[in-house]
Every structure is written in structure tokens, then in C-alpha cells.
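Take a look at the structure set out below.
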Amino acid sequence: MTTSANFAEMDDSELPKLEPIISALKCEQTGHIMEAILLYEESIFKLSQMAEADPNRRQLCGKYLKMYEARAKQLRDQVKSHLHTSRMLEHITIERGARGRSYQRLFGAYLDDGVREAHLNEPHLTEPHHFRNLINFLEVLVKNCRYLKYIRLTTRPDSVAPKNQLQILQQIKSDLASGNIQMNFQLDDSLHDRKIVLSSGLVIKVGRGLHYFEPTEDSFSLGLCDFDFRKCLATEVDIWKCRAFAKRLKEAPEEEYQAAKEARPDPHAYSSD
């Protein structure tokens with residue numbers, strides 16, 4: 001069986017220099033399995049392109065393609081085996097016009113120190129209120145999960161203003177990086193599924209994704225900042241639990257917590273006495 005240790009022992013002089021592979025090995029060795037799978041898949045795609053563009057490297061690229069494809073499949077099978085054992089923890093019906101259904105209220109109890117990576121599938125990220133919802137969710141995620149290291153966001157490309165979408169996503173990525181959190185995003189034209197997958201083994205499915213709030217009536221309505229005040233659209237929420245995709249830290253080293261705390265902006269820094 002091929003493992004990340006086997007990859008680490010390969011001759012670097014032969015290995016095509018692909019940043020996703022280096023990142024994939026690091027993720028796998030630190031237990032961030034979901035992110036490792038996607039990084040392996042990115043490397044497979046880039047190696048395929050490299051082989052097509054340079055016939056002289058086709059054989060070498062093919063050698064590594066087989067290795068990476070095999071490893072990605074092993075990890076995908078591992079994740080699938082965990083998902084097959086999942087059980088529903090909670091089913092929530094949100095009625096139209098309901099309040100008190102912020103991300104913190106709905107998901108906060110499931111966001112804890114066991115979450116080291118989070119994957120978010122949200123097809124619709126094109127309008128300003130879409131990005132406000134995303135940022136509010138990320139604030140809740142980062143505030144509750146103090147060992148969070150990786151966020152993977154998948155969305156559809158904006159066919160009307162693609163540059164604006166990329167600029168906003170890059171800005172969010174840079175902001176998270178300043179707090180020692182790496183966010184990778186990818187665009188998928190075929191994306192329809194809306195879900196949040198956490199490395200602790202939680203899978204959250206919301207019928208409307210992040211966008212289950214009614215638009216605020218004006219710029220100065222309650223709910224502008226605290227989403228508990230916002231009226232909701234009708235939707236359904238299912239929360240599933242399976243085995244964790246990565247080992248939970250029983251006692252995370254205090255120095256790791258302190259390093260994360262110092263690297264991230266304190267959400268209470270601007271509170272008054």
C-alpha cells in the first residue's frame with residue numbers, strides 16, 4: 001500500500017515540483033485528510049496537463065500519476081467508509097418568517113476544538129448578500145473552532161462578474177491567512193449540492209445552503225450584524241454524524257492554542273469595559 005511516507009521518500013530530483021503535492025503530503029501527515037484528497041486531485045490534473053504539453057516527460061508524469069491516483073482513491077475510500085456509518089443527529093424545520101436561526105444558534109454546538117478543517121459547498125456566491133452570509137458563517141466557524149487550519153470552499157463561477165467574485169474570494173482568503181488559517185477555493189460549474197463537512201465527522205445539509213435569510217428591509221434594520229434578528233425563508237436542516245475524518249486531539253498542546261490565539265485577531269479586542 002502506498003502511503004504518504006512512501007511519497008516522502010521519493011527522489012525529489014525526479015518529482016515534478018508541484019505545490020499541491022507538497023501541501024497534500026503535509027495535510028495527510030497532520031491528519032487533514034479531506035484537504036489532502038483535493039490537493040492530490042489538483043496535482044493529478046496538473047500532471048496530466050504537464051504530460052500532454054511535454055511528451056518527453058510523459059513517462060515520468062505517468063509514473064507519479066498512478067501513485068497519486070492510488071493514494072487519492074485510498075483516502076476517498078476511507079472517507080466513504082466513515083460516511084456509510086453516519087447517523088442523523090438532528091432534523092430542523094425552519095418556517096418562513098422565523099427568527100433566532102443564526103449560524104451560531106443552528107451550528108454552534110457542533111463547532112468545537114475537534115474541527116481542524118471544514119469543507120463548504122455553496123453554489124451561489126455572486127451577490128453582495130451572498131458574501132455577507134459567507135463572512136458571517138466564517139466568523140462563527142473561526143470563533144468556535146480554535147484549532148481550525150484549513151477551509152475548502154467550492155462554488156459556481158460567476159458568469160456575469162467573474163473578476164469581482166475572484167477578487168472577493170482572494171480577499172477573504174488573505175484575511176483568513178493573517179489568522180493562520182488556509183482557505184482554498186475552487187469553482188465548479190456543475191455544483192448543486194449544498195453542505196458543510198467538518199473533520200470531526202459532522203455533515204450539515206441545509207436546503208437553501210447559507211442563504212436561508214430573507215433580505216433585510218433596509219441598511220439600518222436589526223439583523224444587519226446579529227443574524228438572530230433576521231427573518232428566515234422556509235428550509236430544512238439535517239445534521240449527520242459519522243466517525244471523524246481525522247483523529248481528534250485529546251489534549252491539544254497549549255503552545256499550539258497560544259500560537260493560534262496570537263495569530264488570529266481577538267474578536268473581543270474592540271469591546272468596551
Please give the number of the condition ARG152 fails out of (1) modelled with pLDDT under 95; (2) open to solvent by less than 20 Å² (accessible area, probe 1.4 Å); (3) in a loop (DSSP other than H, G, I, E, B). (3)
Cβ contacts < 8 Å: first residue within 14 Å of LEU198 (Cα to Cα), restricted to region 133-147; second residue open to solvent by 40 Å² or more (accessible area, probe 1.4 Å) and among the basic types (Lys, Arg), any location; separation 6+ or different chain. Result? ARG146/LYS261
Taking the condition open to solvent by 10 Å² or more (accessible area, probe 1.4 Å) and in a loop (DSSP other than H, G, I, E, B), does ASN184 pass? no
Scan region 44-75 residue by residue and report those that are under 26 Å from the mean Cα position of the chain (by Cα) and open to solvent by less than 80 Å² (accessible area, probe 1.4 Å). ILE44, LEU47, SER48, LEU65, MET67, TYR68, ALA70, ARG71, ALA72, GLN74, LEU75
Looking only at region 84-130, count every residue that is part of a loop (DSSP other than H, G, I, E, B), surrounded by 12 or more Cβ atoms within 10 Å (Cβ to Cβ) and of a type in the set (Lys, Arg) and tell me the total. 3
Residue pairs qualifying under the 8 Å Cβ cut-off, at least six apart or on distinct chains, with the first in region 219-237 being within 10 Å of GLU95 (Cβ to Cβ) and the second being open to solvent by less than 80 Å² (accessible area, probe 1.4 Å) and among the hydroxyl-bearing types (Ser, Thr, Tyr), are CYS232/TYR212; LEU233/TYR212; THR235/TYR212
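Just name the residue that is nearest to GLU217 (Cα to Cα) out of those in region 131-149 that are part of a loop (DSSP other than H, G, I, E, B) and not aliphatic (A, V, I, L, M).
Per the criteria, the residue is CYS145.
The values are calculated or read from the model by the stated rules, or taken from the named source; none is laboratory data. Not measured: the values here are computed from a predicted model. Backbone-built Cβ (ideal geometry, glycine too); neighbour counts: all protein chains shown. Calculation scope for accessible area: heavy atoms of the full protein, side chains included, ligands and nucleic acids excluded. Shrake-Rupley method; radii C 1.70, N 1.55, O 1.52, S 1.80 Å.
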